Amino acid sequence: MSGPVLILGASGGIGSAVARCLSQSGRHVVLHGRNARALQELAATMPGPASVQTADLIDEQAVNELFARLTAEHGRLGGVVFSIAVPFRNKLTHRIAWPVFEEQLHTQLKALHLTAAASFPLLADGESVTRFVVVSTEFVLGAPPVKTAPYVAAKAAMTSYAQVISQEWLARGIRVHIVAPGLVKTALVADMPQEFLDQMADSMPEKRLTSVEDVAAMIEFLFTDAADPFYGTPLRVSRGVRK
Ligand SMILES: NC(=O)c1ccc[n+]([C@@H]2O[C@H](COP(=O)([O-])OP(=O)(O)OC[C@H]3O[C@@H](n4cnc5c(N)ncnc54)[C@H](OP(=O)(O)O)[C@@H]3O)[C@@H](O)[C@H]2O)c1
């Protein structure tokens with residue numbers, strides 16, 4: 001696989017762990033987020049080559065400009081990891097105003113569509129297998145928890161989208177993978193009280209939450225030939241089992 005791996009949401013908890021893992025395994029990583037200074041600091045901690053790109057992924061023009069820069073600098077990409085999210089407040093569904101759903105749908109489905117469409121020409125060179133990894137959630141597998149409707153609805157939509165393109169892109173040499181992590185302690189869940197997280201960890205079979213390293217290790221695996229048959233299948237990465 002030639003060309004760097006673009007990590008969308010590399011400034012986040014899961015994205016930064018994925019970047020570190022892929023960098024350690026010798027890949028050139030392009031770190032994306034919205035804060036250039038934070039990304040430069042992160043890039044300095046990477047063991048291998050790392051460059052930085054900023055863009056608001058729900059802004060179509062910003063996405064087009066991002067991919068124009070990537071095309072000019074790299075010509076092609078070896079892979080893309082889509083790992084972005086914005087926090088949401090846990091509320092009963094009938095009490096949630098529509099703009100909250102809209103924000104989640106924009107962050108998950110619109111941003112995924114804009115970036116997937118713009119990534120396609122940089123991934124589909126027909127010479128070698130490239131990979132597009134979508135970070136979903138285990139909430140879309142089985143019964144989701146209450147008070148999460150905007151987030152879960154948006155994640156379900158982006159997961160279905162990824163399953164469709166996984167079939168459309170296969171013939172062009174692009175494997176689309178979907179990972180579905182359990183609850184991970186990152187900025188996304190910073191509003192959850194520590195006591196709740198402790199109780200949750202205590203209720204898990206291994207008495208521990210899923211970690212960013214668990215998710216990163218799975219994504220590192222997905223960048224190997226052994227992962228070829230797993231395209232299009234949501235893969236649970238979780239220290240607990242949701243019924
Ligand atoms: N944490 C969990 O419990 C959990 C569980 C299952 C799945 N996931 C999924 O894992 C992925 C990563 O989540 P995380 O926990 O690592 O969250 P996080 O630490 O809050 O990171 C979120 C990332 O999304 C970026 N982002 C948000 N809105 C953006 C936008 N409009 N344009 C560009 N970048 C944007 C942020 O960039 P800035 O730094 O610029 O804000 C940041 O890099 C998400 O898809 C999430 O749904 C998380």
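By accessible area of protein heavy atoms, probe 1.4 Å, what ranking do D228, D202 get, highest first?
Numbers: D228 40, D202 95 Å².
Result of the area sort, largest leading: D202, D228.
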Calculate, axis by axis, the spread of Cα positions in the stretch 1-119 along the three principal axes, and write the results as whole Å, longest axis first. 48, 26, 26
For the chain, what are the DSSP H helices with axial Cα length of 18 Å or more and mean Kyte-Doolittle hydropathy of at least -1.0? 60-74, 149-168
Exposure of K155 as accessible area (Å², to 10), given a probe of 1.4 Å and all protein chains: 10
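Taking N as the number of residues in the stretch 5-237, what is its alpha-carbon radius of gyration divided by 2.2 N^0.38 Å? Display every interim value, and only then the final one.
Working: Rg = 17.1 Å, N = 233, 2.2 N^0.38 = 17.5 Å.
It is 0.98.
Could you report the stretch 9-129's accessible area per residue, 1.4 Å probe, as an integer in Å²?
Numbers: 5800 Å² over 121 residues.
Ligands and nucleic acids excluded, the result is 48 Å² per residue.
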Name the long-range amide H neighbours of H177: under 5 Å, sequence gap of 5 or more, or other chain; modelled H, no Pro or chain starts. F132, V133, V134, G232
Filter the GluC sites (Glu not before Pro) in the stretch 43-131 to those in DSSP coil with at most 11 other Cβ atoms within 10 Å of their Cβ, and list the result. E127
Which of G182, T224, Q167 sits farthest toward the positive end of the charge dipole of the stretch 5-237, with +1 on the Cβ of Lys and Arg and -1 on the Cβ of Asp and Glu? G182
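With a 1.4 Å probe and every protein chain kept in, tell me what percent of the accessible surface of the stretch 5-237 is carbon plus sulfur. Show your work: numbers first, answer last.
On the way: 5750 of 10610 Å².
C and S fraction of accessible area: 54 percent.
The values are calculated or read from the model by the stated rules, or taken from the named source; none is laboratory data. What you see is a predicted model, and the numbers here were worked out from it, not measured in a lab. Neighbour counts run over all protein chains shown; Cβ positions are idealised from the backbone, glycine included. We work out accessible area using only protein heavy atoms, side chains counted, and drop any ligands, DNA or RNA first. Shrake-Rupley method; radii C 1.70, N 1.55, O 1.52, S 1.80 Å.
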